[in-house]
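Input: a single structure, listed below in structure tokens.
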Amino acid sequence: MNVLPESISRDGDSTIVISWTDGRQTRCTASQLRAICPCATCREKKRAKLDDAGAGKPIGLPVLKAAEAQPLTITAMRPVGSYAYNIAFSDGHSSGLFQLSTLYDLAPAQT
């Protein structure tokens, strides 16, 4: 990937804005990022939900921890090498590595 982040800033408590060297801009809420978390735990949870739904099993209601019941925010972001960011969320989750290409693809195409 030849395009790199030029700046990363916050817009309120739950949104980040990434400006890229080609002029594109990515705006992501904590909820959007948490929903696409690429970590193994999240991938397995998503797969289990799909398997249960496909098998006709009723999907049970989840039990939420106190942190999960609060509005979701990004509590930290740190670069991992020159290819990804590790993002920590207010619900305690912090194991996902979001590749730059994934974050870039969230930016709307320029017209």
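Of note:
- Region 36-63 residues that are open to solvent by less than 70 Å² (accessible area, probe 1.4 Å), paired with ones that are at pLDDT 70 or above and of a type in the set (A, V, I, L, M, F, W, C) (beta carbon under 7 Å, 6 or more apart): PRO38/LEU97; PRO38/PHE98
- Among (1) open to solvent by 60 Å² or more (accessible area, probe 1.4 Å); (2) hydrophobic (A, V, I, L, M, F, W, C); (3) modelled with pLDDT under 90, the one test that ALA107 misses: (1)
- Pairs are defined by a Cβ separation below 9 Å, a sequence spacing of at least 6 or placement on different chains, a first member in region 1-15 that is touching a residue at least 12 places away in the same chain (Cβ under 8 Å) and closer than 10 Å to GLN25 by Cβ, and a second member that is open to solvent by 60 Å² or more (accessible area, probe 1.4 Å) and not in a strand (DSSP E or B); the pairs so defined are GLU6/THR21.
- Candidate set: region 1-32, residues that are of a type in the set (D, E, K, R) and more than 17 Å from LEU72 (Cα to Cα); chosen: the one surrounded by the most Cβ atoms within 10 Å (Cβ to Cβ): ARG24
- Any hit, region 64-75, residues being touching a helix residue (DSSP H, G or I) at 6+ places or on another chain (Cβ under 9 Å), modelled with pLDDT of 90 or more, under 19 Å from THR102 (Cα atoms) and assigned to a strand (DSSP E or B): yes
The values are calculated or read from the model by the stated rules, or taken from the named source; none is laboratory data. Being a predicted model, the structure only gives us computed values, none of them experimental. Neighbour counts run over all protein chains shown; Cβ positions are idealised from the backbone, glycine included. Keep in mind that these areas ignore ligands, DNA and RNA; they rest on the heavy atoms of the full protein, side chains included. Shrake-Rupley method; radii C 1.70, N 1.55, O 1.52, S 1.80 Å.
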